[in-house]
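What follows is a set of notes on a single structure, which appears directly below.
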Amino acid sequence: MAQEDVFKKLVAHCKEYGYVFPSSEIYDGLSAVYDYGQYGVELKNNIKKYWWDSMVLLNDNIVGLDSAIFMHPTIWKASGHVDAFNDPLIDNKDSKKRYRADVLIEDHIAKIEDKISKEVEKARGRFGDAFDEKKFRETNPRVLANQVKVDELNTRYSKALNATDLAELKQIIIDNEIVCPISGTRNWTDVRQFNLMFSTEVGSTSEGTNKIYLRPETAQGIFVNFLNVLKTGRMKIPFGIAQIGKAFRNEIVARQFIFRMREFEQMEMQFFVQPGTELDWFAKWKETRMKWHQALGFGSENYRFHDHTKLAHYANAATDIEYKFPFGFKEVEGIHSRTDYDLKQHQQYSGKKMQYFDPEKGESYIPYDIETSIGVDRMFLQVLSAAYMEEELKKEDGSSDTRVVLRLPSFLAPVKLAVMPLIKKDGLPEIAEKIVHDLKFDFNCQYDDKDSIGRRYRRQDAIGTPYCITIDHQTLEDQSVTIRYRDSMEQERVGIGQLKDIIKEKVSIQSLLKKL
Ligand code: ATP
């Protein structure tokens, strides 16, 4: 099945099974805003717990914070967001569709890179084990020509973006004959800047109103609380502050479901270090964060770093962790070495000394900062993209059947176990209810007695429940039940008394955290 079709099915699945709903659906929806349903909210909470525990629980020098969404408007002047948090937008005059000029160019570069990868894969197939990829890339004329194109385009594009040269961005689009995906034409407007921050007003009109912004990132809430946490937490450098919270961006092009939303949630951690050591810490956090992603078991080949050639004005190194979504490798997390830019700016705008007295060096300085920043919603989409499978099953009579299953890591699954009486009589429902009652303090359990057992299993597969417990007549005799495993579909007979320990071990987040 084509990857786009898989993605469409995933979006439909999210709605059908209570994971994600379009916002305000009965009023025809609100573009790029989504609501999380009964299973979505559980998965989201579990993702947040995995992140939070890996930061705050595992590191005794990282503490948490929960700052407000509304902040003093000068913060956004100091951070550079009022003047520079812009996207370059361009309209196609025929389709009347609006695009981000940088995204059009990046997609074009990705297409050429894709051609190179296809060439390499073709050759790998031809040469088999003897294939020397490095040599092939250095000598194949088609690969070389395309690589030159990519390099030249990257250089020109970075220069234009760094200089905010909007005319040059348009020229790159024209010179590379980039067309509108809808109309197929090259009838473009000029490129214009568009600020992504939402604004609103505080105060009633009688006392005067003040324009304030909905935060476009959670990071600034950490920087402005730097001194508070430093003092009250008696922190010693290096130390980190972690925060999970909503952020808002008036994205020009909202695409790909929850990949790019106007209201979303971020998990950010700012790690403050001695100046001069920041690139070592940057390398360390790159490795740590990649390990966190790969520990989920979705295949290390599906992740890669994308180091930035174009650096934001505040950064001296930056990389993205990208995952291979059904629509290609895309950013899930950004890791940035933000230097002392933010604290310095706040020192200047607030007049407060944003410094740390280093007892070992005997001097005060503004620390440098490494940021790790990941979107909860994008991580949610990454997890579901990896977990969603349509499987062909061979039946005993030789015919085949398909099942849709979410192969979620057990500790992330919204429901850990479903308890099912085989039939709705003979005292079986009462036993099932008692099991749910006893286990619900430890796990998210679901009681299910509707339809045939096969259909019930499918329903649980579709929401990703890793374990199903079935109560049958044998249970009445020997207090044993069957436990059915989602991934292997194997079944095993165990005692009711053993259930808690068996499941606890399997759904525990601890064994995963210990691997990090
Ligand atoms: P992009 O290049 O995709 O616009 P970005 O580089 O602007 O993202 P950052 O500002 O580094 O993103 O934000 C950190 C993380 O927040 C991203 O890696 C992503 O996971 C998430 N994120 C950013 N914008 C959005 C959005 N509009 N919707 C959902 N998640 C987002």
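The values are calculated or read from the model by the stated rules, or taken from the named source; none is laboratory data. In this text, all values refer to a predicted model and were calculated from it rather than measured experimentally. Because the Cβ atoms are built from the backbone with ideal geometry, glycine has one as well, and the counts that use them run over all protein chains shown. Accessible surface areas use protein heavy atoms only, side chains included; no ligands, DNA or RNA. Shrake-Rupley method; radii C 1.70, N 1.55, O 1.52, S 1.80 Å.
If only residues of the stretch 208-220 that are part of a loop (DSSP other than H, G, I, E, B), surrounded by 17 or more Cβ atoms within 10 Å (Cβ to Cβ) and not basic (K, R) are counted, the one that is nearest to the ligand (Cβ to nearest atom) is E217.
Quick check: anything in the stretch 119-130 of a type outside the set (D, E), within 28 Å of the chain's Cα centre (by Cα) and not assigned by TED's automatic domain parsing to the domain that holds I252? Can you show your working first?
To start, the set of residues in the stretch 119-130 that are of a type outside the set (D, E) comprises 120, 122-128, 130.
Next, only the ones that are within 28 Å of the chain's Cα centre (by Cα) stay: none.
Checked the stretch 119-130: no residue is of a type outside the set (D, E), within 28 Å of the chain's Cα centre (by Cα) and not assigned by TED's automatic domain parsing to the domain that holds I252.
Comparison of G37, G29 shows that the only residue that is of a type outside the set (D, E), touching a strand residue (DSSP E or B) at 6+ places or on another chain (Cβ under 8 Å), assigned by TED's automatic domain parsing to the domain that holds I241 and on the phi > 0 side of the Ramachandran plot is G29.
Got a sec? Which of I431, I423 is modelled with pLDDT under 95, outside any strand (DSSP E or B) and either closer than 30 Å to E42 by Cα or out of contact with any His (no Cβ under 8 Å at 6 or more places or on another chain) (or both)? Reasoning before the result, please.
Details: I431 fails: modelled with pLDDT under 95.
Selected residue: I423, the only one of I431, I423 that is modelled with pLDDT under 95, outside any strand (DSSP E or B) and either closer than 30 Å to E42 by Cα or out of contact with any His (no Cβ under 8 Å at 6 or more places or on another chain) (or both).
Inspection of the stretch 452-470 finds a residue satisfying the criterion of being at pLDDT 95 or above, hydrophobic (A, V, I, L, M, F, W, C) and under 14 Å from I435 (Cα atoms).
Please work out if F357 is open to solvent by 20 Å² or more (accessible area, probe 1.4 Å) and modelled with pLDDT under 95. Give the derivation first.
Values: open to solvent by 20 Å² or more (accessible area, probe 1.4 Å): yes; modelled with pLDDT under 95: no.
No.
On the basis of being within 14 Å of the ligand (Cβ to nearest atom), more than 14 Å from the chain's Cα centre (by Cα) and free of Cβ contacts under 8 Å to residues at least 40 places away in the same chain, does R249 make the cut? Break it down into steps so the answer makes sense when it comes.
On the way: within 14 Å of the ligand (Cβ to nearest atom): yes; more than 14 Å from the chain's Cα centre (by Cα): yes; free of Cβ contacts under 8 Å to residues at least 40 places away in the same chain: no.
It is false that R249 is within 14 Å of the ligand (Cβ to nearest atom), more than 14 Å from the chain's Cα centre (by Cα) and free of Cβ contacts under 8 Å to residues at least 40 places away in the same chain.
Whenever a residue of the stretch 300-317 is more than 25 Å from G80 (Cβ to Cβ), its partners that are among the basic types (K, R), lying with C-beta atoms within less than 7 angstrom and at least six residues away or across chains, give the pairs N302/K324; F305/K286.
Sort out for me the strands (runs of 3 or more DSSP E) sitting completely within the stretch 273-386 that have 3 or more residues that are within 16 Å of the ligand (Cβ to nearest atom) and of a type in the set (A, V, I, L, M, F, W, C). Filter on the stretch 273-386 gives 317-325, 328-339. When we screen F194, F223, F239 for residues that are within 16 Å of the ligand (Cβ to nearest atom) and either out of contact with any helix residue (DSSP H, G or I) (no Cβ under 7 Å at 6 or more places or on another chain) or modelled with pLDDT under 95 (or both), the only hit is F194.
Having 3 or more residues that are under 34 Å from the mean Cα position of the chain (by Cα) and crowded, with 17+ Cβ neighbours inside 10 Å is the bar; report the helices (runs of 4 or more DSSP H) wholly within the stretch 437-516 that clear it. Here the list reads 453-463, 499-507.
The residue list I109, I174, I182 contains one member that is touching a residue at least 60 places away in the same chain (Cβ under 8 Å) and either within 23 Å of R260 (Cβ to Cβ) or surrounded by fewer than 16 Cβ atoms within 10 Å (Cβ to Cβ) (or both), which is I182.
Any idea which of V229, V202, V253 is modelled with pLDDT under 95, surrounded by 15 or more Cβ atoms within 10 Å (Cβ to Cβ) and assigned by TED's automatic domain parsing to the domain that holds D307?
Values: V229 fails: modelled with pLDDT under 95; V202 fails: surrounded by 15 or more Cβ atoms within 10 Å (Cβ to Cβ).
Going through V229, V202, V253 in turn, just one is modelled with pLDDT under 95, surrounded by 15 or more Cβ atoms within 10 Å (Cβ to Cβ) and assigned by TED's automatic domain parsing to the domain that holds D307: V253.
Pairs linking a residue in the stretch 329-352 that is modelled with pLDDT under 95 to a residue that is more than 13 Å from the ligand (Cβ to nearest atom) and open to solvent by 20 Å² or more (accessible area, probe 1.4 Å), with Cβ atoms under 7 Å and 6 or more positions apart or on different chains, are F329/R304.
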